[in-house]
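The values are calculated or read from the model by the stated rules, or taken from the named source; none is laboratory data. Bear in mind that the values here come from a model prediction, so they are computed numbers and not experimental data. In this analysis, Cβ positions are derived from the backbone assuming ideal geometry, glycine residues included, and neighbour counts consider all displayed protein chains.
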Amino acid sequence: MRTKSGPRRLAAGPTTGKPQAPTAVVLSLTSSRGFAGIAAELRRAITDAVYEYGDKLPPEREIARSFGASRTTVRKALRQLEERNLVKRKVGSGTFVVHDGGRDEREIADITSPHELMDVRIAVEPHIVRLALLHGTARDIEAMADALRGLEQVGADREQFTRWDERFHMALANATHNPLMVWIYRRINDVRNHTQWSKVKDKVLTPSRIADYNAGHRALFEAMQARDAETAVDIINAHLAEARRDLLGARSK
Ligand SMILES: [Zn+2]
């Protein structure tokens with residue numbers, strides 16, 4: 001248990017092997033008790049590592065009691081945290097923290113080249129597509145559709161394209177509902193955000209390539225919607241192969 005000030009743990013059931021917090025049920029009560037206020041409070045508790053990776057959050061009814069809110073409101077707050085990949089809710093066993101403080105991330109991002117990054121994406125994304133088709137929900141499809149709408153509005157803006165592209169591929173990974181896969185994919189996006197990739201991005205992302213990539217995104221989305229696994233896997237393979245080729249071209253210039 002951390003002793004720093006700020007949000008404190010609610011009473012919780014058995015979590016990891018760490019010492020348990022006192023059973024006092026107090027997060028700071030200064031904020032609004034609407035779901036957004038509760039989500040913000042819990043988010044702070046997670047990012048401040050009051051609750052750490054793998055910890056179980058207290059049950060909904062305890063969170064509700066400590067905030068003086070309804071369980072419906074708490075559920076909404078938890079759903080928002082889950083959408084932001086801070087927690088993972090498991091039916092019947094509770095809500096677990098899946099956010100980690102990012103200790104090793106900077107280091108691995110420093111030493112991974114854009115080509116190595118592409119190798120990892122080529123290794124995992126085709127299977128992500130298969131799992132997303134098996135486990136994805138209507139809400140996951142909606143998240144992909146959202147990102148696709150964003151992608152198709154960026155024109156030639158590289159930064160916007162990159163942001164929406166990450167969201168599109170993250171939505172696919174989220175649709176696997178596999179916490180480890182989601183975690184791995186978040187690390188992949190972290191590496192993408194790093195400077196080595198940022199440097200080549202300007203060479204790679206020409207307006208015509210952005211249009212090509214988006215044609216791939218649209219085709220992939222449609223194959224997912226049609227639940228056509230073979231076509232979807234072919235498309236993601238082509239999409240990544242194209243990105244890899246473009247990256248090689250950028251290096252040879
Ligand atoms: Zn893409």
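Before moving on, here are some points about what is shown:
- Scanning region 212-253 for residues that are within 23 Å of Ala175 (Cβ to Cβ) and in a loop (DSSP other than H, G, I, E, B) yields Ala226, Arg227, Asp228.
- Scan region 88-136 for residues that are part of a loop (DSSP other than H, G, I, E, B), surrounded by 12 or more Cβ atoms within 10 Å (Cβ to Cβ) and modelled with pLDDT of 85 or more and the total you get is 4.
- When Tyr213 is tested against (1) within 16 Å of Met118 (Cβ to Cβ); (2) within 14 Å of the chain's Cα centre (by Cα), just one condition goes unmet, and that condition is (2).
- Complete set of residues in region 203-240 that are among the small types (Gly, Ala, Ser) and closer than 19 Å to Thr162 by Cβ: Ser208, Ala211, Ala215, Gly216
- Residue in region 175-191 that is assigned by TED's automatic domain parsing to the domain that holds Pro126, more than 30 Å from Lys90 (Cβ to Cβ) and either more than 15 Å from the ligand (Cβ to nearest atom) or within 16 Å of the chain's Cα centre (by Cα) (or both) present: no
- Residue that is surrounded by the fewest Cβ atoms within 10 Å (Cβ to Cβ), among those in region 228-253 that are more than 14 Å from the ligand (Cβ to nearest atom) and modelled with pLDDT of 95 or more: Glu230
- Inter-residue pairs, beta-carbon under 7 Å, first basic (Lys, Arg) and in region 80-95, second part of a strand (DSSP E or B), 6+ apart: Lys88/Phe96; Arg89/Thr95; Lys90/Phe96
- Taken together, Asp146, Asp165 contain a single residue that is in the same structural domain as Asp190 (by TED's automatic domain parsing) and crowded, with 17+ Cβ neighbours inside 10 Å, which is Asp165.
- Where Ser198 falls short, out of the listed (1) more than 20 Å from Ser113 (Cα to Cα); (2) more than 15 Å from the ligand (Cβ to nearest atom); (3) of a type outside the set (A, V, I, L, M): (1)
- Check on Met170, modelled with pLDDT of 95 or more, surrounded by 14 or more Cβ atoms within 10 Å (Cβ to Cβ), aliphatic (A, V, I, L, M) and within 16 Å of the ligand (Cβ to nearest atom): yes
- Contact map, region 205-225: residues that are in the same structural domain as His127 (by TED's automatic domain parsing) and away from the ligand (no atom under 11 Å from the Cβ) paired with residues that are at pLDDT below 95 and among the aliphatic types (A, V, I, L, M), Cβ distance under 7 Å, separation 6+ or inter-chain. Pairs shown: Pro207/Ala156.
- In the set Val200, Val154, Val191, only one residue is more than 28 Å from Val97 (Cα to Cα) and in a helix (DSSP H, G or I); that residue is Val200.
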